[in-house]
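Participant: I have a structure here, written as structure tokens, and I will follow up with some questions on it.
The values are calculated or read from the model by the stated rules, or taken from the named source; none is laboratory data. From a predicted model like this one, the values you see are computed outputs, not experimental measurements. All Cβ positions, even for glycine, are placed from backbone atoms using ideal geometry, and neighbour counts span all protein chains on display.
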Amino acid sequence: MKIIYLFFLQSAVAENDSLLMEMLQAESSMSFMEILTQGGILMIPLFVLSILAIYVIAERWRTFENSRMDINNTLNTIETLLKSGSQQRAIQYCEEYNKPLARILKAGIRRLGRPIADIESSIQKAGKKEIFHLEKRMNWLATIAGVAPLIGFTGTVTGMIRAFMDIQSLQGNVNPSVLAGGIWEALITTATGLIVGIIAYGFYNYLLGKINRMVFELENASADFIDLLQTPAPKKKTEV
């Protein structure tokens, strides 16, 4: 009898293993989009937020890359042009590049001949405008980083509500497959919201670091330009 019992036990285990393998194969056969659709209606705002985050990250990255400029070379060129008396040529040089540093220096060059306080004020105003453009849409990324996980957690709540509603409608006579829909919704929306939020938050801090570094460089370059204007011109040697 013991041998017969072990035989039936082994057969039951083998049957359960085969059933488990079939379930795993069925789940693995689901496409990525089919898995996402199990998250319910809240996947739509999460999808929109993910697209918006990608757009902001790509747009800001491109803006920062296009704003790069060799500060030392630019200041040396401007200094050479101004010492030669070519103020208009210095303005044209800045207009050719049309980058944050060039636009700030152009604002100062246009005020040459006026008191140094007026030149500094003009440079500061131009600098604030450039900083505003550098920080443009960064608040979108910060909002996405905060809102996406909250939407995901909302999906967790709605999924659990759905699962308990199924339990109530069947008067407690349920099996795991009946609750699968609510559990799918809870887990997928939470995971998606966290992924979108983490990516947005990570790039927000990374891009904010690039902004702070660029602002620091622009401020130093502006200070160097003011020092350049205040440096007295070398006196010409007179022959005796």
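Participant: Would you check if Ile131 is under 35 Å from the mean Cα position of the chain (by Cα), assigned to a helix (DSSP H, G or I), β-branched (Val, Ile, Thr) and closer than 20 Å to Asn72 by Cα?
Facilitator: Spelling it out, it is not the case that Ile131 is under 35 Å from the mean Cα position of the chain (by Cα), assigned to a helix (DSSP H, G or I), β-branched (Val, Ile, Thr) and closer than 20 Å to Asn72 by Cα.
Participant: Taking region 101-120, which residues are of a type outside the set (Val, Ile, Thr) and buried (at least 16 other Cβ atoms within 10 Å of the Cβ)?
Facilitator: Within region 101-120, Leu101, Ala102, Arg103, Leu105, Lys106, Ala107, Gly108, Arg110, Arg111, Glu120 meet the criteria.
Participant: Still on this structure, please answer the following. In region 57-100, which residues are touching a residue at least 60 places away in the same chain (Cβ under 8 Å), acidic (Asp, Glu) and exposed (fewer than 14 other Cβ atoms within 10 Å of the Cβ)?
Facilitator: Glu59
Participant: With the requirement that a residue be in contact (Cβ under 8 Å) with a residue 12 or more places away in the chain and over 18 Å from Asn66 (Cβ atoms), what does region 209-219 give you?
Facilitator: Glu219
Participant: Among the residues of region 160-179, is any over 19 Å from Phe203 (Cα atoms), over 19 Å from the mean Cα position of the chain (by Cα), basic (Lys, Arg) and modelled with pLDDT of 90 or more? So that I can check it myself, show each step before the final result.
Facilitator: Initially, region 160-179 is screened for residues over 19 Å from Phe203 (Cα atoms), giving 160-179.
Filter once more, keeping what is over 19 Å from the mean Cα position of the chain (by Cα): 160-179.
Keeping just the survivors that are basic (Lys, Arg) gives 162.
Of the ones still in play, those that are also modelled with pLDDT of 90 or more are none.
Within region 160-179, not a single residue is over 19 Å from Phe203 (Cα atoms), over 19 Å from the mean Cα position of the chain (by Cα), basic (Lys, Arg) and modelled with pLDDT of 90 or more.
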